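Peer 1: Take this structure, written in structure tokens, and hold onto it; I'll ask about it next.
The values are calculated or read from the model by the stated rules, or taken from the named source; none is laboratory data. Note that the coordinates shown come from a computational prediction; the quantities given were computed from them, not determined experimentally. Glycine also receives a Cβ, built like all others from the backbone with ideal geometry; neighbour counts cover every protein chain displayed. The accessibility values were calculated without ligands, DNA or RNA, using every heavy atom of the protein model including side chains. Shrake-Rupley method; radii C 1.70, N 1.55, O 1.52, S 1.80 Å.
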Amino acid sequence: LEALGLIQVDSRPTAAAGSQGRPSHRLSIAPRGPVVLAAQIHADGFRAALVGLGGRLVATAPGCMTVPADPARVIDAVVEAGAGLLRESGRRCLGAGLAVPSAVAEPEGTALNPIHVAWAAGAPVRDLFAESLAKAGVPGPGNVPTAGFTGNDVNLTALAEHRHGAGRGARHLLCVATGHRGVGGALVLDGRLHTGSSGLALEVGHIPVNPDGRA
């Protein structure tokens with residue numbers, strides 16, 4: 001782990017006064033260890049971040065823009081912002097992920113119903129993300145271009161909360177999000193994201209609570 005640049009080892013730590021025996025080596029996360037590029041697109045722009053071991057936020061770059069009808073333009077923008085963070089940090093990149101405000105159909109990696117942005121239904125967001133990462137020269141393990149991962153923003157929020165936040169230590173987690181626009185949901189069962197057969201679980205759509213009520 002030390003050779004991989006993941007941890008640092010203090011082989012000669014000082015012992016407390018009066019303690020007996022040789023003190024154990026002290027291990028800590030390497031302060032200049034590898035990161036992943038985390039990118040998010042929302043209705044009002046995007047955000048790029050570098051995240052280290054344990055979910056530690058290393059750097060972030062927000063960007064406000066009118067999200068264009070061509071998803072490639074905003075995906076290129078967020079990837080370029082992330083690539084800039086990588087250049088400034090000098091950190092090794094182990095992969096990249098993109099969260100989008102749309103259901104992402106599996107296994108195609110297409111935005112099924114991006115109602116909060118002006119993209120066409122079926123936009124190939126996963127392929128566009130991979131192409132943008134290659135153009136920006138964002139490497140993966142072994143300096144091989146990374147294909148990246150793309151998913152629905154609420155699904156990825158649920159995974160983050162389960163692993164590092166409110167659901168840490170729980171077997172199951174229901175996440176209901178009322179973010180930039182609309183309501184979304186995601187479900188973690190036995191530690192795994194429940195996406196259904198096509199990636200669309202909990203994409204419940206618009207449900208009228210009171211047909212005569214406020215829109």
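Peer 1: Condition check: modelled with pLDDT of 95 or more, open to solvent by 10 Å² or more (accessible area, probe 1.4 Å) and either within 20 Å of residue 37 (Cβ to Cβ) or touching an Asp or Glu at 6+ places or on another chain (Cβ under 6 Å) (or both). Does residue 134 satisfy that?
Peer 2: On the way: modelled with pLDDT of 95 or more: no; open to solvent by 10 Å² or more (accessible area, probe 1.4 Å): yes; either within 20 Å of residue 37 (Cβ to Cβ) or touching an Asp or Glu at 6+ places or on another chain (Cβ under 6 Å) (or both): yes.
Considered against the rule, which asks whether it is modelled with pLDDT of 95 or more, open to solvent by 10 Å² or more (accessible area, probe 1.4 Å) and either within 20 Å of residue 37 (Cβ to Cβ) or touching an Asp or Glu at 6+ places or on another chain (Cβ under 6 Å) (or both), residue 134 comes out as no.
Peer 1: Of the residues 151, 167, which is out of contact with any Lys or Arg (no Cβ under 6 Å at 6 or more places or on another chain), at pLDDT 85 or above, farther than 17 Å from residue 95 by Cβ and among the small types (Gly, Ala, Ser)?
Peer 2: On inspection, the qualifying residue turns out to be 167.
Peer 1: Something else about it: Would you please name the residue that is most open to solvent (accessible area, probe 1.4 Å), looking only at residues in region 99-113 that are of a type in the set (A, V, I, L, M) and in a loop (DSSP other than H, G, I, E, B)? Give the steps one after another, and end with the answer.
Peer 2: Here is the first cut: in region 99-113, the ones of a type in the set (A, V, I, L, M) are 99-100, 103-105, 111-112.
From what is left, the residues that are in a loop (DSSP other than H, G, I, E, B) are 103, 112.
On the way: 103: 10, 112: 79 Å².
Out of the qualifying residues, it is 112.
Peer 1: Among the residues of region 44-52, is any free of Cβ contacts under 8 Å to residues at least 40 places away in the same chain, within 28 Å of residue 185 (Cα to Cα) and open to solvent by 50 Å² or more (accessible area, probe 1.4 Å)?
Peer 2: Initial filter on region 44-52 (free of Cβ contacts under 8 Å to residues at least 40 places away in the same chain): 45-49, 51-52.
Now restrict to residues that are within 28 Å of residue 185 (Cα to Cα): 45-49, 51-52.
Of the ones still in play, those that are also open to solvent by 50 Å² or more (accessible area, probe 1.4 Å) are 47.
Yes, some residue in region 44-52 is free of Cβ contacts under 8 Å to residues at least 40 places away in the same chain, within 28 Å of residue 185 (Cα to Cα) and open to solvent by 50 Å² or more (accessible area, probe 1.4 Å).
Peer 1: Consider residue 91 against the criteria (1) assigned to a loop (DSSP other than H, G, I, E, B); (2) over 28 Å from residue 161 (Cβ atoms): it satisfies all of them except one. Which criterion is unmet?
Peer 2: Unmet for residue 91, out of (1) assigned to a loop (DSSP other than H, G, I, E, B); (2) over 28 Å from residue 161 (Cβ atoms): (2).
Peer 1: Considering region 149-164 alone, what residues qualify as being open to solvent by less than 30 Å² (accessible area, probe 1.4 Å) and either free of Cβ contacts under 8 Å to residues at least 24 places away in the same chain or farther than 22 Å from residue 75 by Cα (or both)?
Peer 2: Looking only at region 149-164, we keep the residues that are open to solvent by less than 30 Å² (accessible area, probe 1.4 Å), and these are 150-152, 154-155, 158, 162.
Those that are open to solvent by less than 30 Å² (accessible area, probe 1.4 Å) and either free of Cβ contacts under 8 Å to residues at least 24 places away in the same chain or farther than 22 Å from residue 75 by Cα (or both): 158, 162.
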